[in-house]
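> Submitted below is the structure of interest, expressed as structure tokens.
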Amino acid sequence: MYKLLIRPILFLFDPEKVHYFTFGLLKFLHKIPFVPALIRSMYQVHDQKLERTLFGITFKNPVGLAAGFDKNAVLYNELANVGFGFIEIGTVTPKAQIGNPKKRLFRLQDDHGIINRMGFNNNGIEAAIENLKKNNGRVLIGGNIGKNTQTSPENYTKDYCEVFTALHEYVDYFVLNVSCPNVGSHAKLNDKEYLLELIAAVQKLNRKEAQQKPILLKIAPDLNNHQLDEIIDLVAETKIDGIIASNTSVNRDGLKVSKKQLAQIGNGGLSGQPIADRSTKVIAYLSQKSNKSFPIIGVGGIHSEQDALDKIKAGADLIQIYTGFIYEGPSLVKRINKAILAHRS
């Protein structure tokens, strides 16, 4: 029903406006008695065979929602009812910021993709914390953290540390977002020497906490093999808990959309089906070259059960969806979980 009826209507309107309309609609529906239970019965799959334990956390199923969808942690309970095993919020920055000028979100319908240059728009740490206080441990939450756009280079690490410390009590794991192409410091954030500094700083803070939280690094799908070798060395050197592969891409090769339309859209990160193979190859390379020495969360272009299985076969321990959720609807989560069960049996 979603693809035949609901999606065609939603896709008639501006993507960012539809995003917030959908949030409001889901909030409203969940206030109606019996609707949350009905949604859970329709979409959730309960089976111990789906459980995965990584970096000390037991995930009830391996299908998560990637960062960028619920930036401010306002909808994680409702989204968990759809069947996600975990929800990643953010990217959260120290201070609230409006992000890049609109229009900044574009559908590539023929490609089943999205280009965005949101620019870390979010309501800041305090707003996220207030929303996360309502969780009470019911939903596994990842905290995707970043820096404010206006922060000067010498204070980048300070921004990450500020969010890390503030959110520590309220999330189950952290993701250092250093690979978003929509921030001006993209080059520095991908420099190995800087990453060593950043990871060391947050790990130092983590060791001071009574309960340490896993820290992962989110990387781009556009890295070459030499750069991926550096990532493997980085994980070995820092003992960071895992990698998320991958973020959005700046590569525009092989798209069906016209060059004229791409020129009109301008810069931004590409997600969805066009980057599926790219991200899967990154996962496979990291897994094989490292002899599966660290956990990998696979994300990028998962629009079907087979896409998800491809990521897992390549070496992903968990997966996340975002653009596929928008194009395929909430049933995708259930279909993937059922496919994983069938694959394991």
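> Being of a type in the set (G, A, S) and either touching a strand residue (DSSP E or B) at 6+ places or on another chain (Cβ under 7 Å) or at positive phi (or both) narrows it down to one of A316, A276, A263, so name that one.
A316
> Further question on the same structure: Report, by residue number, each residue of region 226-255 that is more than 20 Å from N182 (Cα to Cα) and of a type in the set (D, E).
Hits for region 226-255 are D229, E230, D233, E237, D241.
> Here's a follow-up. I'd like to verify a number: residues in region 310-332 that are under 18 Å from L10 (Cβ atoms) and either of a type in the set (A, V, I, L, M, F, W, C) or surrounded by fewer than 24 Cβ atoms within 10 Å (Cβ to Cβ) (or both), how many?
Count: 10.
> Could you pull out the residue among F174, F164 that is of a type in the set (F, W, Y), part of a strand (DSSP E or B), within 28 Å of T238 (Cα to Cα) and in contact with a helix residue (DSSP H, G or I) (Cβ under 7 Å, 6 or more places away or on another chain)?
Criteria check complete, one pass: F174.
> What residue, of Q48, Q44, Q97, Q109, is closer than 19 Å to G143 by Cβ and either hydrophobic (A, V, I, L, M, F, W, C) or at pLDDT 95 or above (or both)?
Selected residue: Q97, the only one of Q48, Q44, Q97, Q109 that is closer than 19 Å to G143 by Cβ and either hydrophobic (A, V, I, L, M, F, W, C) or at pLDDT 95 or above (or both).
> Please enumerate the residues belonging to region 291-309 that are crowded, with 24+ Cβ neighbours inside 10 Å and either of a type in the set (A, V, I, L, M, F, W, C) or at pLDDT below 95 (or both).
I296, I297, V299, I302, A308
> Looking for whichever is more than 21 Å from the chain's Cα centre (by Cα) and closer than 30 Å to A210 by Cβ here; the options are N155, N148, N135. Which one fits?
N155
> Right, next: Regarding I275, is this residue surrounded by 17 or more Cβ atoms within 10 Å (Cβ to Cβ), closer than 25 Å to F120 by Cα, of a type in the set (V, I, T) and in contact with a Ser or Thr (Cβ under 6 Å, 6 or more places away or on another chain)?
Against the criterion (surrounded by 17 or more Cβ atoms within 10 Å (Cβ to Cβ), closer than 25 Å to F120 by Cα, of a type in the set (V, I, T) and in contact with a Ser or Thr (Cβ under 6 Å, 6 or more places away or on another chain)), I275 qualifies.
> Need a quick list: helices (runs of 4 or more DSSP H) entirely within region 1-86 having at least 2 residues that are within 29 Å of I129 (Cβ to Cβ) and without any contact (Cβ under 8 Å) to a residue 24 or more places away in the chain.
Those helices (runs of 4 or more DSSP H) span 15-29, 35-43.
> I265 fails exactly one of the following numbered conditions: (1) surrounded by fewer than 22 Cβ atoms within 10 Å (Cβ to Cβ); (2) among the hydrophobic types (A, V, I, L, M, F, W, C); (3) touching a helix residue (DSSP H, G or I) at 6+ places or on another chain (Cβ under 8 Å). What is the number of that condition?
I265 satisfies all of (1) surrounded by fewer than 22 Cβ atoms within 10 Å (Cβ to Cβ); (2) among the hydrophobic types (A, V, I, L, M, F, W, C); (3) touching a helix residue (DSSP H, G or I) at 6+ places or on another chain (Cβ under 8 Å) except (3).
> Only one residue in F55, F11, F59, F28 is surrounded by 16 or more Cβ atoms within 10 Å (Cβ to Cβ), aromatic (F, W, Y) and either at pLDDT below 95 or more than 19 Å from N337 (Cα to Cα) (or both), so which one is that?
F55
> Collect the residues in region 218-231 that are out of contact with any Lys or Arg (no Cβ under 6 Å at 6 or more places or on another chain) and surrounded by 16 or more Cβ atoms within 10 Å (Cβ to Cβ), keeping them in residue-number order.
Correct list: K218, I219, A220, D222, L223, L228, I231.
> What are the pairs, 6+ residues apart or on separate chains, where a residue within region 327-345 that is at pLDDT 95 or above has its Cβ under 9 Å from a residue that is basic (K, R) and not in a helix (DSSP H, G or I)?
If the second residue must be basic (K, R) and not in a helix (DSSP H, G or I), the pairs left are Y327/R107.
> From the list K188, K147, pick out the single residue that is of a type in the set (D, E, K, R), part of a helix (DSSP H, G or I) and touching a helix residue (DSSP H, G or I) at 6+ places or on another chain (Cβ under 7 Å).
K188
> Can you tell me which residue among V82, V92 is farther than 22 Å from T149 by Cα, surrounded by 16 or more Cβ atoms within 10 Å (Cβ to Cβ), at pLDDT 95 or above and in contact with a helix residue (DSSP H, G or I) (Cβ under 6 Å, 6 or more places away or on another chain)?
V82
> Let me ask something else. Kindly state which helices (runs of 4 or more DSSP H) lie completely within region 238-317 and contain at least 2 residues that are of a type in the set (D, E, K, R) and closer than 30 Å to A200 by Cα.
276-289
> What pairs can you find where one residue is in region 210-227 and more than 15 Å from I283 (Cβ to Cβ) and part of a helix (DSSP H, G or I), the other is at pLDDT below 95 and of a type outside the set (S, T, N, Q), and their Cβ atoms are less than 7 Å apart, with a gap of 6+ or different chains?
Close Cβ pairs (under 7 Å, with a partner that is at pLDDT below 95 and of a type outside the set (S, T, N, Q)) do not exist here.
The values are calculated or read from the model by the stated rules, or taken from the named source; none is laboratory data. Being a predicted model, the structure only gives us computed values, none of them experimental. Virtual Cβ from ideal backbone geometry, glycine too; neighbours counted across all protein chains shown.
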